[in-house]
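One structure follows; several queries about it will come next.
The values are calculated or read from the model by the stated rules, or taken from the named source; none is laboratory data. A quick note: this is a predicted structure, and the numbers were derived from the prediction, not measured. Here the Cβ positions follow ideal geometry from the backbone for every residue, glycine too, while neighbour counts run over all protein chains shown.
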Amino acid sequence: MRRTRTDLLNPQFRRVWRGYDPGEVHAALRELLNEIDALHVTLEAQKRAHDAVEARLSDQRDCENAINQALIAAHKVAKETRHAAQEDAVRIVRDARSQAESIERQSAERIQQLQEQRRRAVRELRALLRSHLERLTEEAIDVAGPGAAAGAPTIVSVPALPVTPEPPSTNGA
């Protein structure tokens, strides 16, 4: 059974002939009670300090957990970002290659069209030159006339014809 302060201050002892001096016993008890009171105060202060440390420790653990969760989330985001960037890079390269192939095809087609236009222009120019040559040949024969002496040199004067080349068509026709 736990005794109270009052019980300790007023102890009941049996009186015996050769016992301790009751005044000294009471004084010793008072000193012990004062020490116990001081120890209780110290104990309460220590409990409060302990509770404060526990609270700070709990806060620190919560903070540590939050930091760990943030690090995990940041790692996950970094991994996802890296993966997305790699996918974007692959897509960009694939699109660039596709565009390059398309440009190459279009360029090759355009080169073929231009080469065909050139061939057509050369054919048309040759035909025009042949036509003019034939006309000049006919006019030279007409100018010499039927009564010209055989083998006699004939001087033919051909008027200059204005030549204006047609620009090549750009529509591919």
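Identify, by number, the condition in (1) of a type outside the set (Gly, Ala, Ser); (2) over 25 Å from the mean Cα position of the chain (by Cα); (3) at pLDDT 95 or above that residue 95 doesn't meet.
With (1) of a type outside the set (Gly, Ala, Ser); (2) over 25 Å from the mean Cα position of the chain (by Cα); (3) at pLDDT 95 or above applied to residue 95, the lone miss is (2).
OK, next. Restricting to the stretch 2-21, name every residue that is at pLDDT 75 or above and assigned to a helix (DSSP H, G or I).
Matches in the stretch 2-21: 6 only.
Still on this structure, I have one more. Among the residues of the stretch 1-19, write down those that are without any contact (Cβ under 8 Å) to a residue 24 or more places away in the chain and surrounded by 11 or more Cβ atoms within 10 Å (Cβ to Cβ). If you could, list the steps in order and put the result at the bottom.
Applying the first criterion (without any contact (Cβ under 8 Å) to a residue 24 or more places away in the chain) to the stretch 1-19 yields 1-4, 6-7, 10-19.
Matches in the stretch 1-19: 7, 11.
Continuing with the same structure: Give 104, 138, 116, 109 a once-over and let me know the one that is part of a helix (DSSP H, G or I), modelled with pLDDT under 95 and not small (Gly, Ala, Ser).
138
What pairs come out if I take residues in the stretch 100-128 that are surrounded by 11 or more Cβ atoms within 10 Å (Cβ to Cβ) and pair them with residues that are modelled with pLDDT under 95 and among the hydrophobic types (A, V, I, L, M, F, W, C) whose C-beta lies under 8 Å away, six or more apart or interchain?
Within 8 Å, no pair qualifies.
Hey, another quick one. When you check residue 24 against the structure, is it part of a helix (DSSP H, G or I) and exposed (fewer than 10 other Cβ atoms within 10 Å of the Cβ), yes or no?
yes
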